[in-house]
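The values are calculated or read from the model by the stated rules, or taken from the named source; none is laboratory data. Being a predicted model, the structure only gives us computed values, none of them experimental. Glycine also receives a Cβ, built like all others from the backbone with ideal geometry; neighbour counts cover every protein chain displayed.
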Amino acid sequence: MPVKNRIAEFQPEIAAWRQDLHAHPELRFDLPRTTAKVASLLRAFGVDEITEGIGQSGIVAVIKGRKSGSGRVIGFRADMDALPILEATGLPHASTSAGKMHACGHDGHTSILLGAAKYLAETRNFDGTVVLAFQPAEEGGGGARAMVADGLMDRWGIQEIYGLHNMPDLPTGHFAIKPGPLLAAADFFEITVRGKGGHGAMPHQVNDTTLAAAAVVMALQQVVSRNVPALNPAVVSVCGFATDTMAHNVIPDSVLLTGTVRTLDVATKKLIVQRIAEIATSTAQAYGAVAELDYQDGVLPTINAEDQTAFAIQAAQTVAGTVKTDIEPSMGGEDFAEMLAERPGAFILLGNGASAGLHHPKYEFNDEAIPAGCSWFATLAEQRMPL
């Protein structure tokens with residue numbers, strides 16, 4: 001039995017939706033074409049309710065089962081936005097918008113949830129209510145938080161919520177999941193190092209911000225190795241180093257460092273923020289400069305609830321026959337965490353097969369994974385809310 005036969009029948013139709021979304025990527029909250037297509041398809045399926053503009057441009061749809069005696073309300077979520085990347089796949093359905101690309105598979109996630117919606121609206125083999133959340137701005141825009149703030153959980157009475165994400169190099173249509181922390185909190189920082197610039201030939205007359213900033217970069221590499229317990233995963237990466245001049249013989253007045261912090265728990269995050277501030281300040285001071293830290297909280301860690309993970313595993317086993325559960329947490333971030341912070345739920349990984357990595361210009365979502373993804377959502381609804 002792996003995949004539901006009815007879903008397998010309309011896999012080509014779902015793939016066509018996916019490829020159309022791929023050809024017309026849109027960013028963050030600015031999703032007029034994407035949301036219009038999603039809403040149009042949902043209406044054609046005959047869902048019971050559609051509400052647009054949740055969290056600026058999110059869509060919430062409701063499908064009621066044949067019975068409602070259980071009183072159970074389960075949420076399913078998919079993300080809709082693309083990335084500001086120039087596509088290099090050369091595919092017939094490649095992006096028609098230069099500099100925009102579905103390089104993370106959100107076109108696939110949206111299409112999978114649409115496929116599940118079509119099946120569930122047609123069959124309604126469950127006792128309860130399914131709430132579908134089509135989310136904008138997962139890629140750094142805070143779309144999940146915006147939908148939660150707009151009442152996603154309370155207005156629709158969601159009791160638990162589930163989502164999925166494709167995973168390159170996991171066999172196509174296979175699943176992987178673990179309880180507890182699955183993905184990291186993703187924060188960002190900027191450190192401005194200020195001093196007195198001047199002529200590169202006379203460094204003794206300046207406070208060399210380039211040297212001070214370089215020392216700060218090197219010192220920050222010791223935050224994790226010398227402050228965080230070795231068995232506690234954490235990452236501090238300085239990813240940008242920019243000065244206010246490109247001249248070969250000018251020492252700049254200021255240098256801007258940009259970077260990211262990834263952690264799996266709040267205590268580690270607090271420690272790292274404290275140490276970044278202390279190390280940046282004192283290191284710059286040792287070189288006669290001043291460092292200013294601007295720390296920006298990003299998404300929370302993605303933490304799967306124990307019970308809901310078990311339900312997700314059961315559905316995945318029904319669909320795929322086996323589920324990989326001995327996986328390590330990834331230090332990537334996912335703003336579905338904001339929804340999991342409001343309601344118990346689980347986030348599962350769906351195999352994309354051999355493909356380019358996520359966020360790569362040559363990445364392509366594997367349409368062969370669609371039936372498994374759709375079937376997982378549908379099976380989860382039927383198993384959690386049996387007739």
**Request:** Would you point out which residue out of Glu160, Glu139 is within 25 Å of Ile272 (Cβ to Cβ) and of a type outside the set (A, V, I, L, M, F, W, C)?
**Result:** Glu139
**Message:** Looking for something acidic (Asp, Glu), assigned to a strand (DSSP E or B), in contact with a Phe, Trp or Tyr (Cβ under 9 Å, 6 or more places away or on another chain) and under 30 Å from Thr243 (Cα atoms) - is there at least one such residue anywhere in region 153-163?
**Reply:** no
**Matching residues in region 68-88 - criterion: being surrounded by fewer than 22 Cβ atoms within 10 Å (Cβ to Cβ), closer than 23 Å to Glu382 by Cα and at pLDDT 95 or above** = Arg72, Val73
**Complete:** Among strands (runs of 3 or more DSSP E) entirely inside region 206-323, those with 2 or more residues being out of contact with any Asp or Glu (no Cβ under 8 Å at 6 or more places or on another chain) and loosely packed, with under 14 Cβ neighbours inside 10 Å are 234-243
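Conditions (1) among the basic types (Lys, Arg); (2) modelled with pLDDT under 95, marked per residue:
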residue	(1), (2)
Cys104	no, no
Phe126	no, no
Glu139	no, yes
Gly142	no, yes
Arg145	yes, no
Met153	no, no
Trp156	no, no
Tyr162	no, no
Pro168	no, no
**Fill in**
Sole miss for Gly128 among (1) within 15 Å of Thr35 (Cα to Cα); (2) of a type outside the set (Ser, Thr, Tyr); (3) surrounded by fewer than 24 Cβ atoms within 10 Å (Cβ to Cβ) is condition (1)
**Request:** Any residue in region 335-354 that's in the same structural domain as Ile74 (by TED's automatic domain parsing) and under 29 Å from Asp154 (Cβ atoms): show its pairings with residues that are surrounded by fewer than 24 Cβ atoms within 10 Å (Cβ to Cβ) and among the hydroxyl-bearing types (Ser, Thr, Tyr) at Cβ separation under 7 Å, as long as the two are six or more apart or on different chains.
**Result:** Ala346/Thr309
**Complete:** Taking region 7-44 and keeping only residues that are surrounded by fewer than 16 Cβ atoms within 10 Å (Cβ to Cβ) and part of a helix (DSSP H, G or I), one is left with Ala8, Glu9, Pro12, Glu13, Ala16, Asp20, Pro32, Arg33, Ala36, Ser40, Arg43, Ala44
**Fill in**
Of the listed residues (Ile370, Ile348), the one being at pLDDT 95 or above and in a helix (DSSP H, G or I) is Ile370
**Complete:** The condition of being charged (D, E, K, R) and touching a residue at least 12 places away in the same chain (Cβ under 8 Å) holds, among Glu52, Glu9, only for Glu52
**Message:** Of the conditions (1) in contact with a strand residue (DSSP E or B) (Cβ under 7 Å, 6 or more places away or on another chain); (2) crowded, with 24+ Cβ neighbours inside 10 Å; (3) under 15 Å from Gly55 (Cβ atoms), Ala184 satisfies every one except a single condition; which number is it?
**Reply:** (3)
**Message:** So if I check each of Pro229, Pro252, Pro168, which one is more than 24 Å from Ala381 (Cα to Cα), assigned by TED's automatic domain parsing to the domain that holds Ala78 and out of contact with any Lys or Arg (no Cβ under 9 Å at 6 or more places or on another chain)?
**Reply:** Pro168
**Request:** Could you check, for region 95-111, whether at least one of its residues is within 20 Å of Asp30 (Cα to Cα), in the same structural domain as Asp20 (by TED's automatic domain parsing) and basic (Lys, Arg)?
**Result:** yes
